[in-house]
Amino acid sequence: MNGNIILVGLMGSGKTTVGRALARKLNKLFIDSDHEIEARTGASIPLIFEIEGEPSFREREAEVIRDLTARQNIVLATGGGAILNADSRALLKGSGTIIYLRASVNHILQRTSRDKNRPLLQTADPRRRLEELSRQRDPLYREIADIIIDTGRPNVQVLLHSILSQL
Ligand code: S3P
């Protein structure tokens with residue numbers, strides 16, 4: 001173990017908010033894989049989806065995960081779909097402690113309503129899309145998680161306390 005903390009979970013589960021707070025508390029550098037992709041391409045995630053399509057975004061995402069999992073002493077918030085790639089799953093697993101932030105579809109819908117930054121939710125029926133994503137991905141998140149945190153509880157400090165007590 002090289003001391004990395006990796007946050008996985010569906011979009012809107014609070015990976016970025018919790019990750020930032022954890023990094024501050026543990027004195028580690030916070031990195032968000034989506035932000036890293038945006039920094040490397042100079043384009044927003046929605047624009048990458050629009051121009052190149054999802055498969056190309058997934059390739060970029062896998063490359064970023066490869067690079068970031070080689071680093072040490074970071075808190076890494078991953079994009080919700082990063083775990084779809086088997087190589088990325090293995091790399092993430094080998095690079096630190098994995099925390100799965102589990103959130104209900106209702107909770108995510110509340111947090112992501114009117115959010116134009118999530119191309120996968122730009123659909124006529126975001127609830128249905130989220131239910132599908134949750135069904136498909138929940139087993140993958142569970143497979144690699146060392147710690148599972150239910151984020152139904154609203155307060156970041158409460159979540160943080162719960163995570164720190166299990167590390
Ligand atoms: C995605 C989640 C997003 C982003 C992209 C695709 C997904 O990240 O990577 O829109 O497939 O669930 P967040 O989980 O940070 O929103």
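Give the range 71-109 a look and list any residue that's among the polar types (S, T, N, Q), outside any helix (DSSP H, G or I) and more than 9 Å from the ligand (Cβ to nearest atom), or say none. Spell out how you get there, then give the answer.
Just the residues of the range 71-109 that are among the polar types (S, T, N, Q), to begin with: 72-73, 78, 85, 88, 95, 97, 104, 106.
From what's left, outside any helix (DSSP H, G or I): 72-73, 78, 85, 97, 104.
Answer for the range 71-109, where residues must be among the polar types (S, T, N, Q), outside any helix (DSSP H, G or I) and more than 9 Å from the ligand (Cβ to nearest atom): GLN72, ASN73, ASN85, THR97, SER104.
When the residues of the range 1-33 are narrowed to those that are β-branched (Val, Ile, Thr) and assigned to a helix (DSSP H, G or I), which ends up surrounded by the most Cβ atoms within 10 Å (Cβ to Cβ)?
Initial filter on the range 1-33 (β-branched (Val, Ile, Thr)): 5-6, 8, 16-18, 31.
Still in the list and also assigned to a helix (DSSP H, G or I): 16-18.
On the way: THR16: 15, THR17: 17, VAL18: 23.
Checked the range 1-33; the qualifying residue surrounded by the most Cβ atoms within 10 Å (Cβ to Cβ) is VAL18.
Would you tally the residues in the range 144-167 being closer than 21 Å to ASN4 by Cβ and touching a residue at least 24 places away in the same chain (Cβ under 8 Å)?
Step one: filter the range 144-167 for residues closer than 21 Å to ASN4 by Cβ, giving 144-149, 151, 156, 159-167.
Those left that are additionally touching a residue at least 24 places away in the same chain (Cβ under 8 Å): 144-149, 151, 156, 159-160, 163-164, 167.
The qualifying residues number 13.
If only one of GLU50, GLU36, GLU59, GLU63 is surrounded by fewer than 16 Cβ atoms within 10 Å (Cβ to Cβ), of a type in the set (D, E, K, R), within 12 Å of the ligand (Cβ to nearest atom) and in a helix (DSSP H, G or I), which one is it? Explain how you work it out, then say what you get.
Values: GLU36 fails: surrounded by fewer than 16 Cβ atoms within 10 Å (Cβ to Cβ); GLU59 fails: within 12 Å of the ligand (Cβ to nearest atom); GLU63 fails: within 12 Å of the ligand (Cβ to nearest atom).
When all the criteria are applied, what remains is GLU50.
If I ask for residues that are part of a helix (DSSP H, G or I), without any contact (Cβ under 8 Å) to a residue 40 or more places away in the chain and farther than 20 Å from GLU54 by Cβ, which ones from the range 110-126 would you list? Show your work before the answer.
Step one: list which residues in the range 110-126 are part of a helix (DSSP H, G or I), which gives 110-112, 119-121, 126.
If we keep only those that are without any contact (Cβ under 8 Å) to a residue 40 or more places away in the chain too, we end up with 110, 126.
Hit for the range 110-126 is GLN110, nothing else.
Restricted to the range 8-47, and to residues that are on the phi > 0 side of the Ramachandran plot and in contact (Cβ under 8 Å) with a residue 12 or more places away in the chain, which residue is nearest to the chain's Cα centre (by Cα)? Walk me through it before giving the result.
Quick first cut of the range 8-47, residues on the phi > 0 side of the Ramachandran plot only: 9, 12, 14, 27, 42.
The next check asks that each one be in contact (Cβ under 8 Å) with a residue 12 or more places away in the chain; those that pass are 9, 12, 14.
On the way: GLY9: 5, GLY12: 9, GLY14: 8 Å.
By that ranking, first place goes to GLY9.
What are the pairs, 6+ residues apart or on separate chains, where a residue within the range 72-90 that is free of Cβ contacts under 8 Å to residues at least 40 places away in the same chain has its Cβ under 8 Å from a residue that is crowded, with 20+ Cβ neighbours inside 10 Å and not hydroxyl-bearing (Ser, Thr, Tyr)?
ASN85/GLU61; ASN85/ILE65; SER88/GLU61; SER88/ILE65; SER88/ALA82
Since GLU50 meets every condition but one in (1) free of Cβ contacts under 8 Å to residues at least 40 places away in the same chain; (2) more than 13 Å from ILE6 (Cα to Cα), which condition does it not meet?
Looking at each condition in turn, GLU50 falls short on (1).
State whether the residues of the range 15-25 include one that is within 10 Å of the ligand (Cβ to nearest atom), charged (D, E, K, R) and farther than 29 Å from SER165 by Cα.
No: the range 15-25 contains no residue that is within 10 Å of the ligand (Cβ to nearest atom), charged (D, E, K, R) and farther than 29 Å from SER165 by Cα.
Just to be sure, is GLN136 within 16 Å of the ligand (Cβ to nearest atom) and modelled with pLDDT of 85 or more? Show your work before the answer.
Numbers: within 16 Å of the ligand (Cβ to nearest atom): yes; modelled with pLDDT of 85 or more: yes.
Considered against the rule, which asks whether it is within 16 Å of the ligand (Cβ to nearest atom) and modelled with pLDDT of 85 or more, GLN136 comes out as yes.
Read through the list (1) on the phi > 0 side of the Ramachandran plot; (2) of a type in the set (Lys, Arg); (3) at pLDDT 95 or above, then give the number of the only condition that ARG89 fails.
Unmet for ARG89, out of (1) on the phi > 0 side of the Ramachandran plot; (2) of a type in the set (Lys, Arg); (3) at pLDDT 95 or above: (1).
The values are calculated or read from the model by the stated rules, or taken from the named source; none is laboratory data. Keep in mind that what you see is a predicted model, and the values were worked out from it rather than measured. Every residue, glycine as well, gets a Cβ built from its backbone with ideal geometry; the counts of neighbours run over all protein chains shown.
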